[in-house]
Each structure stands twice: as structure tokens, then as C-alpha cells.
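Some notes on the structure that comes next.
The values are calculated or read from the model by the stated rules, or taken from the named source; none is laboratory data. This is a predicted model, so every value here is computed, not measured. When we count neighbours, we look across all protein chains shown, and the Cβ atoms used for this are built from the backbone with ideal geometry, even at glycine.
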Amino acid sequence: MASDPINEYLQITLPSYLADLHELVSIDSGTMNKAGVDAVATEMQRRLEALGCEVRRLPNPIYGDSVVARLRGNGSKKIVMVGHTDTVYPDGTAQERPFRIEGDRAYGPGTCDMKNGILAGLYAMKALKDAGRLDFGELVLFLNSDEEVGSPTSTQAIDDESEGATAALVLESGRAGNSVVVGRKGVYDYTLTVYGRNAHAGANPERGRSAIHELAHKLVPIAALNGLSEGTTLNVGVIHGGTRRNVVADRAICEIDVRVLTLEAYRQLDSELRRIVSEPHIPDTRIEVTTGHCFAPMERNERNVRLYEVARGVASRLGFELGATESGGGSDANHISAMGVPVLDGLGPRGAGAHSPEEHLIIPSVVERTGLLAHLILELAA
């Protein structure tokens, strides 16, 4: 890696980064633990205010509060970094699996997804300020509190902050092969509710219209929609219905997860799914389709690929190769990309084992990836 003041600063402050990570990982901050997520937000707010950022806290009555930190510079470009303070883990996990360092790895809940990333955003800001390189107009760090459940209450605020930005940089963990994420599948949730008619299963079953049987007839053609377009996957993950074994069921429900690479693929699948459920196999039954919160695809489009090429050039000058990959999961990059803002994801330090007991951070990647982030900001600001 090329030596320069920014990377030298990051190397010197690596012990401080790891101490901060230890503190954040020691706070249980599962999405539904508002007090814990707020505690992480408070720790980050304190550090960002000490850096000289203008900090705004967005109160949230359901989830934790989001934090928006703004570092003003001498230039004209606005660059937005996005990370999240919530994790997937239940209360008590931080005590059951406390932060520890073994060799070149740091273990604990959130070391990969993504307390490592939000600290990378903070330390990139600190390195730029220490080097006197405030070439941007505004550098924003948006820390949202509900990403692990699809950002239902923070999406609009993130999009509002990203409007008109030169680029958005999402701080999820770097991927295998030292890659960043240039495309993510769209994620759509469907619930099918089938309505039939109750009857006694022994005395007069002919009067019944089984919602369970109707749903069963629909599941095979629905499953056949897998691969309808390249990369399209569909999973029926939950089924329930009926009340008793001797009653013809008047209702059955299934929940479906859909992943697509493009908006066109989503439109095609949605049309086919609705066609299937609109044609009843059992007379006098009907199916109601509802959709939940979704992530539109982060398509591997020209804007995002061009931003990756800029990042790859920066990495090359720093002395390493930067790969590109796509992901089947959604993140805040999805809805930012759908706005037409160039976005790159997976810019945080590398790790592995997210959402599992083996979750860890690869410590040598902290300086490399945070340096990449800081230098990419300078490149975009130029």
C-alpha cells in the first residue's frame, strides 16, 4: 500500500479504532432493542460532534434514532456515506460472545455487519480532517437504525439526504476477493391469503371449499417461476391455514420471498404471479395478494459501474486490486440506486460470518479499506 498522510494516520489510530469497535460491539443493538440501538447512536454522535460535525438526531418512536452527521469542506460536491447501527442479534449476545481478538481477526456481534463500517466512515472523516483535505462541499455520514428489517422508517430520510449527491457510499463489509458490491438483487415480500368456505369434514365436506387445497394447487406453478428471468429466485417460506383437522379450512396463507436483478424482471414475475392466483382451481375460492416493504434492485448500471471504476483506480494507486461482485441480499444501496444516484456498496473493512456465531472482522483490512474510502471521497470531490 502506498504511504501517504491519510494511511499513516489510519495506521497510527488503528488501536483507537479497535477500542471503539470493542465498545460498540459490547452494546446489544438488535433492531427491536431501541435502548441498545440508541446507545450505539449516542456513542457515534459523541465522537462525530467531537470531530466538529454538525449532528442531527432523528427521533424514532418504534426503532432506534438515526443520526445524520455533516462535515463541511471547502469544495462544492456532496458525498453521502450510509451505515446502520442495528444488528440481528437478540439481547444477551454481547455477553455470550464478547468482543475478542485472535490473531488478525476480531470476533463479536456486529464486527462484520456493520459496526466495523460505521467506524470506517468516522475514521475516514477523521483522517481527511487531520490531513487538511476537506476538498468536498459536504461529507455526510447517515447512520440508520432499522436496516436489518428493510429500513422501513429510515428509507425516506436517507433518500432525501442523498438527493443531488455526487455519489453515495454504503459501508457494508467488503466482500471476498477484496471486492465491493456493484449490484444487488431487489427484494420483494408477497403474502397470499386464500379464502374458501368452512364445512364439517365428515358430515358435509361437499359444502366446503378448502383454502388449503386451493393454495396447494397454486404452489407448483408459483415455484416454477424460479428462473423466469436471469437471476430471479422465489421461495415460499411460510404456510399456515385451517383451524382443526375435522374442519374444511376457509383460510390459508403463504409468505413468499422474491429476488430479482432488474425492475423489468420484477414486473414480469409480478404479472405472472398475479395471473396464476387469479384463476381458481376450486370454485368459490379467491386469493388476495399483498406486498410488504421492499428493496428495488440496485442494478449493475452504467452509473454504478463507472463509480466502481473510479474506486478501482484509487485502489490501484494505493497498491492493491479491488474486485467487483453482486449480492442476492438488499441494503440501503438499493433504494438510493433507484433514485438515479451513483452508489457503491461493500466499502467497509472486510469480514465474514455475518449473522452467525463466527462473525468477525479481518483487522488488516481496516487501514486498507478506510484509506480507500477516504481517497475515493477526495477523488469524487475533485
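Quick notes
- Out of 52, 73, sole residue that is of a type outside the set (A, V, I, L, M), surrounded by fewer than 19 Cβ atoms within 10 Å (Cβ to Cβ) and under 13 Å from residue 125 (Cα atoms): 52
- If only residues of region 1-44 that are charged (D, E, K, R) and in contact with a helix residue (DSSP H, G or I) (Cβ under 7 Å, 6 or more places away or on another chain) are counted, the one that is surrounded by the most Cβ atoms within 10 Å (Cβ to Cβ) is 28.
- Tallying residues that are closer than 15 Å to residue 180 by Cβ, small (Gly, Ala, Ser) and either in contact with a Ser or Thr (Cβ under 9 Å, 6 or more places away or on another chain) or not in a helix (DSSP H, G or I) (or both) within region 334-349 yields 2.
- When region 6-57 is limited to residues that are among the β-branched types (Val, Ile, Thr) and not in a helix (DSSP H, G or I), the one that is nearest to residue 107 (Cα to Cα) turns out to be 27.
This table checks each residue for (1) buried (at least 22 other Cβ atoms within 10 Å of the Cβ); (2) among the polar types (S, T, N, Q); (3) not assigned by TED's automatic domain parsing to the domain that holds residue 78.
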{"residue": "331", "(1), (2), (3)": "yes, yes, no"}
{"residue": "334", "(1), (2), (3)": "yes, yes, no"}
{"residue": "337", "(1), (2), (3)": "yes, yes, no"}
{"residue": "347", "(1), (2), (3)": "yes, no, no"}
{"residue": "352", "(1), (2), (3)": "no, no, no"}
{"residue": "356", "(1), (2), (3)": "no, yes, no"}
{"residue": "361", "(1), (2), (3)": "yes, no, no"}
{"residue": "371", "(1), (2), (3)": "yes, no, no"}
{"residue": "376", "(1), (2), (3)": "yes, no, no"}
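- Filtering region 355-369 to residues that are under 10 Å from residue 108 (Cα atoms) and either small (Gly, Ala, Ser) or in contact with a helix residue (DSSP H, G or I) (Cβ under 6 Å, 6 or more places away or on another chain) (or both) leaves 356, 361.
- Test for residue 307: is it farther than 22 Å from residue 348 by Cβ, aliphatic (A, V, I, L, M) and in contact (Cβ under 8 Å) with a residue 60 or more places away in the chain: no
- Qualifying residue in region 193-203 (condition: outside the structural domain of residue 354 (by TED's automatic domain parsing), part of a strand (DSSP E or B), among the aromatic types (Phe, Trp, Tyr) and surrounded by fewer than 24 Cβ atoms within 10 Å (Cβ to Cβ)): yes
- Scope region 314-329; condition part of a loop (DSSP other than H, G, I, E, B) and either of a type in the set (Ser, Thr, Tyr) or surrounded by fewer than 20 Cβ atoms within 10 Å (Cβ to Cβ) (or both); matching residues: 319, 320, 321, 328, 329
- Given (1) closer than 30 Å to residue 342 by Cβ; (2) in contact with a helix residue (DSSP H, G or I) (Cβ under 8 Å, 6 or more places away or on another chain); (3) surrounded by 12 or more Cβ atoms within 10 Å (Cβ to Cβ), number of the condition residue 185 does not satisfy: (2)
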